[in-house]
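Heads up, the thing below is written out as structure tokens.
The values are calculated or read from the model by the stated rules, or taken from the named source; none is laboratory data. Remember, predicted model here, so these are calculated numbers, not experimental data. All Cβ positions, glycine included, derive from the backbone under ideal geometry; neighbour counts span all protein chains shown.
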Amino acid sequence: MQAANDQCKSQEKSENRYNVNSNICCQNDVCSVSRGIERANYILDQGGDVPMETGPPLLPSWYDHQLICKGQQYFTDNIFAMFVAALSGLTVLLSVPSILKILRNTNRSSKPASAYKRYYETIVHMMHWYQSDMRNPNSKGRQSVAIVRKMHENAVKNVGPITQKDLALTQFGFIGMAIVAQDKLGLPKDNRSLIHFWRVMGHLMGIQDKFNLFSGCERCTIVACKELSRRIFIPGIDQPIEHYNSMCSALLTGMWPLVPAMNPEAYFEFTRRLLDCPARKLSIIPTISLYSQIFIHYLIKLPIISLILLPWLNFQIWLTLFVQNTIPILAFYAFRYSWRGDV
Ligand SMILES: [Zn+2]
């Protein structure tokens, strides 16, 4: 491993490792493993001591608009699987003690009704990022970034520091599952634009480049994401901290108006399997729900079937978002008794 490190370091001197326009970051698998693990370890071991950046959210010098547009198009073309990835990512993100503490202390997501409101707002922010011209400081995406930064600053005043480690783990929450479980989700194998998109988003949210989970190429980023899973998320969901189960349950139950067919128990097991956790036995209804979901993601990988199925699934997500945005009937029906007082 030392030899591999030396080899990678000497390679770095002759190229700009962080230059996305250069396709060369890791020349071989040995380099990518070494670099990916090194990045994950650096984030976990050093990032907890460094607070988020507080300067104005400006675009970085390495911003590549073509790649950003490609990343946004990837999201639009695969919105169904990308939503599943984000919801699973959020499910595992709650297992991080510092993140759970922030969410609990801002006290807006411990019951299904408030969880629905909070996470639906998060989805709206995410949609703005994926749909805006990020070069325009007045675009909805950039305004959304400013709002989120303000919310983070308020949380710091009330709860304590948000660190570079928290932000990098949150990057995983939004997109890590789409990278580590791309095949299981039925997503196309094209990470480069997504990685650049989320590197830019991380920068805008106040992550220094050395702590940015997506500061490398595709190969070492996959390794870094898998290392974060191994060290943080898998133990986090299988040996959960106090309050994780209740917050997780509130999240998955609160998502019912957006995904009425979802069974929370089955969805949690589906998330575990995305991270290659050993399978757990479920009762009959969750088992049917789990295998239906696995089967759908298998089908969208099949070329001919996906021609019909993928647009249909994507359409359902767009329709759901439209309905929730205009006449949120299901949310009103589900939370009519708890809408007051809790939110
Ligand atoms: Zn690399």
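Worth pointing out:
- Residues that are among the hydroxyl-bearing types (S, T, Y) and in contact with a strand residue (DSSP E or B) (Cβ under 7 Å, 6 or more places away or on another chain) do not occur anywhere in the range 173-195.
- Taking each residue of the range 311-325 that is farther than 12 Å from A81 by Cα and looking for partners that are of a type in the set (A, V, I, L, M) and not in a helix (DSSP H, G or I) with beta-carbon atoms closer than 6 Å, six or more apart or interchain, yields T320/L258.
- Within the range 262-278, not a single residue is surrounded by fewer than 18 Cβ atoms within 10 Å (Cβ to Cβ) and small (G, A, S).
- Pair list, Cβ under 7 Å, 6 or more apart: the range 18-33 residue closer than 26 Å to H65 by Cα and near the ligand (Cβ under 10 Å from one of its atoms), other residue modelled with pLDDT of 85 or more and among the basic types (K, R): C26/R35; C26/R219; S32/R219
- When the residues of the range 196-218 are filtered to those that are assigned to a loop (DSSP other than H, G, I, E, B) and either of a type in the set (F, W, Y) or more than 16 Å from the ligand (Cβ to nearest atom) (or both), the one that is surrounded by the most Cβ atoms within 10 Å (Cβ to Cβ) is F214.
- Every residue from the range 224-234 that is touching a residue at least 24 places away in the same chain (Cβ under 8 Å) and out of contact with any Lys or Arg (no Cβ under 7 Å at 6 or more places or on another chain): C225, K226, E227, L228, S229, R231, I232, F233, I234
Here's the yes/no breakdown for (1) more than 13 Å from the chain's Cα centre (by Cα); (2) small (G, A, S); (3) assigned to a helix (DSSP H, G or I):
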{"site": "F83", "(1), (2), (3)": "no, no, yes"}
{"site": "L90", "(1), (2), (3)": "no, no, yes"}
{"site": "S95", "(1), (2), (3)": "yes, yes, no"}
{"site": "S98", "(1), (2), (3)": "yes, yes, yes"}
{"site": "K101", "(1), (2), (3)": "yes, no, yes"}
{"site": "R104", "(1), (2), (3)": "yes, no, yes"}
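- Looking only at residues of the range 132-160 that are basic (K, R) and part of a helix (DSSP H, G or I), we find that the one that is surrounded by the most Cβ atoms within 10 Å (Cβ to Cβ) is R142.
- Residue in the range 234-241 that is at pLDDT 95 or above and either surrounded by fewer than 16 Cβ atoms within 10 Å (Cβ to Cβ) or within 16 Å of the ligand (Cβ to nearest atom) (or both) present: yes
- Only one entry of P137, P97, P161, P188 meets the criterion of being closer than 17 Å to I232 by Cβ and of a type outside the set (A, V, I, L, M, F, W, C), and that entry is P97.
- Set S193, S229: member being more than 16 Å from the ligand (Cβ to nearest atom), closer than 19 Å to M82 by Cβ and of a type in the set (S, T, Y): S229
- Candidate set: the range 277-328, residues that are part of a helix (DSSP H, G or I) and in contact with a Gly (Cβ under 9 Å, 6 or more places away or on another chain); chosen: the one farthest from V92 (Cα to Cα): S306
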